[in-house]
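Notes to accompany the following structure.
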Amino acid sequence: MKRTSSIPLSPTSAPGGAHAAAVRTADAPYDGGQQDAERDDRNFVTALARGLDLLRAFGPHDDYLGNAELARRAGIPRPTVSRLTYTLTSLGYLIYSASLEKYRLGQGAMVLGQRYLAGSGIREIAQPLMQSLAFATDCTVALATSDRHEMVYLEVCQPRGALVMRLAPGSRLPTATSAIGRAWLSGLEPERRAAVLADLERHYGARWPAIRIKLERALRDYAKRGFCLAHAEWDRTVSGAAAPVVLEGGAEVLAINIGGAATRLTPEILDGNLGPRIRELAEALQSRLWQGRG
C-alpha cells in the first residue's frame, strides 16, 4: 500500500511509566465514544452499540463487574445498563453471580473471539513465522488488532531466554505511544486515520499535542522505512519496532511488533536490524493471509 508521511489534523488540534500501567486497569473508565456516530448516522443502532460497549468495558484482569461499575466505565445510564446486562445474560454473553450481584463475560463472548481467529487463519499462518523470528532474535514478537484507544494482542511468541515483556494474548498497549499502535495507524487509509486521530485527541485532551508530534514522526519513519519505532516510551524498560499488516485492501489492518529490553535494543539496533526484519515479516504475513482468504 502507499505510505503517507503526514497526519491530518482535526479542526480542534493544537499546534504544535511502569510496564503494568500500559495495560488498562480495572479502575480505568472506559470511553464509549459513540456520540458522534449516534448523532451523524441514522443507520447507527444505539442499543446495539451500547451492548457491545458493555462487553468491551471488561478489562483483561476483571473477573466480575456490577451494573454501577459497568455504567461508569461505558458512560451509559444505570437503568439502561440493567436492561442491557439482563439481555446479554439471557443470550449467554454475560454470566450473573447471584452471590456477588455482578457479571462476568460468558461463553458467547468467547465464541465470537474464537470464530474470528479461526475464520481468519491468523494463528495457523502467523505463529510459526513469529516464533522463528522470536527465537532468532531473542525478542518477543506479537500480532495485534485495534480496540478504540488500545491495541489488543492476538498472538504472542516469546524467546527462549528470560522474559522481559510478560504479555499474552488479550494484553493491551496504548495505540498512540507504542510502536505497534503507531504501525497500525500508519497502515490505515487517510480518511480512517483522520477519524481515529480525532478520537485519540478527545481521549488524551491536553496531552495530545506532545503525543501528536511523536505520531507525526512515526508516520514519516514508516513512509521512509516501512516500520515504526518506540524506544522506552510507553514503558521505560521496553523498546520495539513494528509494521502494519494490511488485509482486504485496507478493510482490515493488523500490526506486528518485535521488542525487548530497552537497555539491549538501542535505537541503532531497532533501526538497522529489527525494524527491517519486522517489516519483512509483516510483508510475508500480509501475502500469506491474503492468499489464505482468496
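Just so it is clear, none of the values below were taken in a lab; they were calculated from the coordinates. Quantities reported herein were computed from a predicted structural model and do not represent experimental measurements. Reconstructed Cβ throughout: ideal geometry from the backbone, glycine too, with neighbour counts over all protein chains shown.
Descriptive notes on the structure:
- Rg and Dmax [Cα atoms of segment 31-110; Å; Rg one decimal, Dmax integer]: 12.5, 42
- Summing charges over all other residues whose Cβ lies under 13 Å from the Cβ of ARG277, with Lys and Arg as +1 and Asp and Glu as -1, gives -2.
- Theoretical FRET efficiency, 1/(1+(r/R0)^6), r = Cβ-Cβ of ILE95 and THR46, R0 30 Å, to 0.05: 0.75
- Taken one residue at a time, the phi angles of segment 73-82 give Karplus couplings (6.51, -1.76, 1.60, θ = phi - 60°) of 5, 8, x, 10, x, 4, x, 5, 4, 4 Hz. Gly and Pro are set to x.
- Here the label points at ARG264 and GLU191, each 7 Å from Cα along the C-beta direction, are separated by 4.5 nm in the simple model.
- For segment 128-173 and segment 238-294, distance of Cα centres in Å: 11
- Estimated from the Cβ-Cβ distance and a Förster radius of 25 angstrom, the FRET efficiency linking ARG160 and HIS61 is about 0.35.
- Subtracting the Cα-Cα distance of GLN114 and THR237 from 0.36 nm times their residue separation leaves 41.1 nm of extension gain.
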